[in-house]
Amino acid sequence: MRLQLQHVRLPLAHFPLEMDLDIEASSIGLFGESGSGKTSFLDLLAGTRKGVKGIIRLEGVTLQSDSIFVPSNQRAIGYVPQDLVLFPHLSVRGNIFYGSRRPNPKGLENISSEHVIGLLGLEKLLRRRIGDLSGGEKQRVALARAIISRPRLILLDEPFTALDPKLRQTGIDLVQQLRSEFSIPFLCVSHSQRELQMLCEVLLELAAGKVVRTFYPGSAERKEVKADFRPAPRKSS
């Protein structure tokens with residue numbers, strides 16, 4: 001997956017979110033202190049925030065520019081927010097398939113809803129109401145909904161925060177398994193750098209709306225470097 005943000009700016013309460021990124025990876029982790037702009041970053045990728053300036057491209061497709069704005073329901077981006085946004089009046093099945101009717105992005109045509117439900121262990125829960133589920137079960141429902149929508153990218157906002165330590169490790173293992181099984185890129189936000197190191201190829205640290213550091217947990221040197229993803233200037237011919 002290639003994610004490009006050029007001169008992206010979003011005014012926030014205490015500072016602007018400012019991004020210039022050109023990064024290629026199948027899994028990206030974003031961490032930083034509370035209020036650093038992590039969730040706002042996910043929102044602008046998902047297309048749920050107004051007032052965003054600049055250019056956003058995913059796999060070469062322009063989602064946002066001065067003349068283009070692709071609505072959130074047409075971006076083929078799955079979003080699992082902190083509060084999961086599950087609908088209590090719907091069954092587990094109703095939640096999983098809510099909003100899933102969209103064209104299949106290239107390469108994801110063969111994702112079977114039955115396979116996803118089975119892999120997440122939700123077969124026996126399909127008729128149950130959301131209010132009857134545990135925290136871990138709700139998380140699996142939200143993940144199933146995101147995957148069955150066949151996204152080009154999944155955004156995970158603090159997916160393990162509400163889970164106890166045992167379920168948290170189970171959740172990490174599950175996301176790793178899903179990445180291996182379906183090859184869907186994801187961007188995960190967490191306060192835990194350790195969790196992200198277990199999940200992601202590239203980690204970005206956010207502070208006051210800017211990426212200040214990036215490093216690669218899987219590299220031999222595990223080297224930390226300053227984040228500077230601005231595209232190199234073209235040489236004049």
Report summary line: Given (1) charged (D, E, K, R); (2) modelled with pLDDT of 90 or more; (3) out of contact with any Phe, Trp or Tyr (no Cβ under 8 Å at 6 or more places or on another chain), R145 misses just (3)
Query raised in the report: Under 9 Å by Cβ, and 6 or more places apart or on different chains, what pairs join a residue from region 46-59 that is within 17 Å of Y79 (Cα to Cα) and part of a loop (DSSP other than H, G, I, E, B) with one that is of a type in the set (F, W, Y) and at pLDDT 95 or above?
Result: G47/F69
Query raised in the report: Has region 121-137 got at least one residue that is within 23 Å of C200 (Cα to Cα), surrounded by fewer than 22 Cβ atoms within 10 Å (Cβ to Cβ), within 18 Å of the chain's Cα centre (by Cα) and at pLDDT 85 or above?
Result: no
Query raised in the report: Does region 197-208 contain at least one residue that is touching a Gly at 6+ places or on another chain (Cβ under 7 Å), crowded, with 19+ Cβ neighbours inside 10 Å and either hydroxyl-bearing (S, T, Y) or in a helix (DSSP H, G or I) (or both)?
Result: yes
Requested in this report: Just need a number here: residues in region 22-42 that are in contact (Cβ under 8 Å) with a residue 24 or more places away in the chain and farther than 18 Å from R152 by Cα.
Outcome: 10
Report task. For residues that are under 15 Å from Q4 (Cα atoms) and of a type in the set (S, T, N, Q), scanning just region 22-70, find the one that is nearest to the chain's Cα centre (by Cα). Result -> S27
Report summary line: Taking region 162-180 and keeping residues assigned to a helix (DSSP H, G or I) and surrounded by 13 or more Cβ atoms within 10 Å (Cβ to Cβ) leaves L167, R168, Q169, T170, G171, I172, L174, V175, Q176, L178, R179
Report task. Starting from region 173-184, take each residue that is touching a residue at least 60 places away in the same chain (Cβ under 8 Å) and list its partners that are among the hydrophobic types (A, V, I, L, M, F, W, C) and surrounded by fewer than 13 Cβ atoms within 10 Å (Cβ to Cβ), counting only C-beta distances under 9 angstrom and pairs at least six apart or across chains. Result -> none
Query raised in the report: Just for region 39-83: of the residues that are among the basic types (K, R) and modelled with pLDDT under 95, which one is surrounded by the fewest Cβ atoms within 10 Å (Cβ to Cβ)?
Result: K50
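The values are calculated or read from the model by the stated rules, or taken from the named source; none is laboratory data. Only a predicted model underlies this, so the values are computations on that prediction, with no experimental measurement involved. When we count neighbours, we look across all protein chains shown, and the Cβ atoms used for this are built from the backbone with ideal geometry, even at glycine.
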